[in-house]
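Step one of this worksheet: look at the structure below.
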Amino acid sequence: MKASRVLPLLAVFAAAPLAPTLAQDHGPPFTATTLHLSAYGETSLPPDQASFDVGVETTAPTAVAAARANADRMSQVVAALKSAGAESRDLQTAQLSLAPQYAYEAGQPPRLTGYQATNQVRVTVRDLAKLARIADFATSAGATNLGQVSLGLANPAAAENSARVAAVKALEDKAAVYAQATGYRVVRLVRLSEGTEAGPAPPRPMYMAMAAQKVATPTPVEAGEVKVRVDIDGVFELAK
């Protein structure tokens, strides 16, 4: 018994007839054997910028005292960031909050214990050689937390274009393999669409630090590479 030949990726499409009012301006319906494929291209480059959040949390018996202490300490942190090489345009407030703090005991109503003020600034570092210095200066100046660092590209356009070229090459190679395997030949590319996955490398955790802590050893930073990927879909016309 002969096994049936399965062609899962080949399909014959016949366009539905156009309405009478439009059919007179068009040629015959498109009928062809087509091949629908997906492929991707990827390129890797060293990152050239980074971003992370640095913040200060303070608590006090009153809201005014908590906010005042937070403002004083955050001012010191911002000044330290700038002295370490961060520019004003690269500092942006990411969170600012003031909230009451309560103690909870069984069978008792919540008891107000004070207030917590939080201020976080998102820092963009355009020179990675300054990243460890900027982070360490912020910690030494009184930052109580540092967020996760995200490494990326300031201008990913060139990397994306390289990935596009690689994606098209991969798509054409794949189409040629399928065509040959099924006894067809590729006539032309009928349709091409793109979906891009380009962005920073996965965040790398930094560390927590108390205000009084002094950093004796510079924080190690490993830049690695940023991958830029472009996904595409294509439809090819095939013929015998």
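Name the single residue that is farthest from R229 (Cα to Cα) among those in the stretch 149-183 being open to solvent by less than 80 Å² (accessible area, probe 1.4 Å) and among the β-branched types (V, I, T). Checked the stretch 149-183; the qualifying residue farthest from R229 (Cα to Cα) is T182. Quick one: V168 ticks every box in (1) modelled with pLDDT under 95; (2) in a helix (DSSP H, G or I) bar one, so which box is it? Evaluating V168 over (1) modelled with pLDDT under 95; (2) in a helix (DSSP H, G or I) leaves (1) as the failure. When each of E105, E57 is tested for being at pLDDT below 95 and among the acidic types (D, E), the lone residue that passes is E105. Of the numbered criteria (1) surrounded by fewer than 18 Cβ atoms within 10 Å (Cβ to Cβ); (2) more than 30 Å from A239 (Cβ to Cβ); (3) not β-branched (V, I, T), the one A141 fails is (1). May I ask you to verify whether N145 is of a type outside the set (S, T, Y), over 30 Å from A39 (Cβ atoms) and modelled with pLDDT of 85 or more? In short, yes.
Tell me whether the stretch 39-54 contains one or more residues that are within 30 Å of V235 (Cβ to Cβ) and open to solvent by 80 Å² or more (accessible area, probe 1.4 Å). Within the stretch 39-54, one or more residues are within 30 Å of V235 (Cβ to Cβ) and open to solvent by 80 Å² or more (accessible area, probe 1.4 Å).
Checking the structure you have, find out if any residue of the stretch 133-146 is in a helix (DSSP H, G or I) and without any contact (Cβ under 8 Å) to a residue 12 or more places away in the chain. Don't jump to the end; show me each part of the working.
Residues of the stretch 133-146 in a helix (DSSP H, G or I): 133-140.
Okay, now just the ones that are also without any contact (Cβ under 8 Å) to a residue 12 or more places away in the chain, so none.
No, because not a single residue in the stretch 133-146 is in a helix (DSSP H, G or I) and without any contact (Cβ under 8 Å) to a residue 12 or more places away in the chain.
Screening V186 on (1) modelled with pLDDT of 95 or more; (2) buried (at least 18 other Cβ atoms within 10 Å of the Cβ); (3) out of contact with any Gly (no Cβ under 6 Å at 6 or more places or on another chain); (4) not small (G, A, S) shows it passes everything except condition (2).
Checking the stated criteria, L128 turns out to be surrounded by fewer than 17 Cβ atoms within 10 Å (Cβ to Cβ), under 26 Å from the mean Cα position of the chain (by Cα) and touching a residue at least 60 places away in the same chain (Cβ under 8 Å).
Looking only at the stretch 103-122, which residues are surrounded by fewer than 12 Cβ atoms within 10 Å (Cβ to Cβ) and either in contact with a Lys or Arg (Cβ under 9 Å, 6 or more places away or on another chain) or not in a loop (DSSP other than H, G, I, E, B) (or both)? Explain how you work it out, then say what you get.
Going residue by residue through the stretch 103-122, those that are surrounded by fewer than 12 Cβ atoms within 10 Å (Cβ to Cβ) are 103-112.
Correct list: A103, Y104, E105, R111, L112.
Would you confirm, using the coordinates I've provided, whether S97 is in contact with a strand residue (DSSP E or B) (Cβ under 8 Å, 6 or more places away or on another chain), free of Cβ contacts under 8 Å to residues at least 24 places away in the same chain and farther than 30 Å from A175 by Cβ? Answer is yes for this residue.
The values are calculated or read from the model by the stated rules, or taken from the named source; none is laboratory data. Computed from a predicted structure; not experimentally measured. Cβ atoms come from the backbone with ideal geometry, glycine included; neighbour counts cover every protein chain shown. We work out accessible area using only protein heavy atoms, side chains counted, and drop any ligands, DNA or RNA first. Shrake-Rupley method; radii C 1.70, N 1.55, O 1.52, S 1.80 Å.
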